[in-house]
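Reading through the structure tokens given below for one structure.
The values are calculated or read from the model by the stated rules, or taken from the named source; none is laboratory data. All values derive from a computational prediction rather than experimental measurement. For neighbour counting, all protein chains shown are included, and Cβ atoms are generated from backbone atoms with ideal geometry for every residue, glycine included. These area figures cover heavy atoms from the full protein model, side chains too; ligands, DNA and RNA do not enter into them. Shrake-Rupley method; radii C 1.70, N 1.55, O 1.52, S 1.80 Å.
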Amino acid sequence: MKKLVSIVIPAYNEADNVFVIAESIKSVFSTLNYNYEIILVDDGSADHTLEKIRAYAATTNNVFFLEFSKNFGHQLAVKAGMDHAYGDCVISMDCDMQHPPELIPDMLKKWEEGFEVVYTIRAEDKNLSKGKRSSSSLFYKTLNWLSDIELEPGAADFRLLDQKVVNVFRNFHENEPFLRGLVKWLGFKQIAIHYNPAARFSGKSKYTFKKMVNLALHGVTSFSIKPLYTAVYLGFILSMASVLYVPYIIYAFANNVEVSGWASVIMTIVFFGGLQLIILGIIGIYVGKMFMQSKNRPNYIIRSTNIPVR
Ligand code: UDP
Ligand code: MG
């Protein structure tokens with residue numbers, strides 16, 4: 001019996017890419033001794049992505065789709081695909097050809113060697129704008145500094161997971177999973193392989209700067225409570241620093257020195273007002289996360305699928 005490889009592809013407004021990626025995966029597997037299935041997750045696309053997927057799925061028996069009831073985001077789309085994949089291993093990759101399907105044979109080779117997680121690191125991309133490159137490097141630096149997991153820059157959601165790992169993931173019900181971090185956190189036998197990313201085939205990136213910042217904030221707050229400790233230490237340091245001011249005040253009183261300084265007082269008030277708001281906000285993020293998770297809603301909703309009940 002040939003082993004089954006499931007390929008999970010989240011797609012949000014990728015009408016022009018669906019056919020291309022499916023065909024290139026097909027040609028990669030034509031040289032390999034595996035069965036494969038493609039699971040395309042339509043993440044509430046506003047264009048003709050779903051029609052394209054349906055049309056393609058109708059022509060073959062190993063292409064499946066999950067249609068979300070609305071846009072739930074990249075991470076949940078990948079999660080949904082994994083939840084419905086029954087391959088001996090599952091490979092997740094983007095729809096836009098930035099994750100080269102030619103890497104699949106190398107990933108499978110590592111898997112056959114016994115690795116349970118094969119993740120990929122993209123080499124510095126000359127095609128990316130300088131802004132995107134430096135924001136991504138800043139993203140990882142902040143993330144690693146603030147959280148308790150070590151993530152490598154350039155790690156994307158292009159990875160192979162053994163069925164064992166996927167089964168573990170099925171029991172995860174985080175409403176905002178941060179897969180990159182979770183996979184690292186899980187353990188298992190992991191290995192990285194490097195690749196050169198290609199340019200997006202068609203359409204444009206859905207990750208705006210705002211989304212990147214959100215992902216970073218989310219990445220940190222869903223993995224560690226270090227920011228809360230940082231607030232405590234900062235508070236300590238500032239209180240201690242204020243004590244240093246006491247001798248000067250005593251001196252000023254004793255010598256009847258007139259202390260001027262409304263500008264500095266206003267500045268200090270505004271500065272610390274801001275600082276307190278930031279720290280309150282950090283606490284708020286954690287409370288908000290607890291609130292969202294405590295409602296126990298389904299993480300994503302599937303409107304339609306052609307996956308047979310297995
Ligand atoms: N994607 C998704 N839902 C979203 C945003 C993106 O399913 O809300 C998919 C998208 O179709 C693509 C992958 O996630 O397959 C990565 O998105 P994109 O290429 O826009 O991100 P980038 O490569 O620029 O980081
Ligand atoms: Mg992309």
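Numbers for the structure displayed
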item	result
Condition broken by GLN293, with the remaining ones in (1) among the polar types (S, T, N, Q); (2) open to solvent by 70 Å² or more (accessible area, probe 1.4 Å); (3) part of a loop (DSSP other than H, G, I, E, B); (4) closer than 23 Å to GLY219 by Cα satisfied	(3)
Qualifying residue in segment 118-127 (condition: within 14 Å of ligand 1 (Cβ to nearest atom), at pLDDT 90 or above and closer than 24 Å to ALA15 by Cα)	no
Selection count, segment 58-85, where residues are in a loop (DSSP other than H, G, I, E, B) and open to solvent by 10 Å² or more (accessible area, probe 1.4 Å)	10
Single match in SER222, SER264 (criterion: in contact with a Gly (Cβ under 9 Å, 6 or more places away or on another chain) and of a type in the set (Ser, Thr, Tyr))	SER222
Out of GLN163, GLN75, sole residue that is under 30 Å from SER304 (Cβ atoms), within 16 Å of ligand 2 (Cβ to nearest atom) and polar (S, T, N, Q)	GLN75
Positions within segment 86-99 being out of contact with any Phe, Trp or Tyr (no Cβ under 6 Å at 6 or more places or on another chain) and either open to solvent by less than 30 Å² (accessible area, probe 1.4 Å) or farther than 16 Å from ALA123 by Cα (or both), in sequence order	TYR86, GLY87, ASP88, VAL90, ILE91, SER92, ASP94, CYS95
Helices (runs of 4 or more DSSP H) contained entirely in segment 178-270, each with at least 3 residues that are open to solvent by less than 40 Å² (accessible area, probe 1.4 Å)	179-186, 209-221, 226-243
Filter pass, GLY114 being open to solvent by 10 Å² or more (accessible area, probe 1.4 Å), on the phi > 0 side of the Ramachandran plot and more than 13 Å from ligand 1 (Cβ to nearest atom)	yes
Residues (under 23 Å from the mean Cα position of the chain (by Cα), open to solvent by 10 Å² or more (accessible area, probe 1.4 Å) and under 18 Å from PHE158 (Cβ atoms)) located in segment 1-57	PRO10, TYR12, GLU14
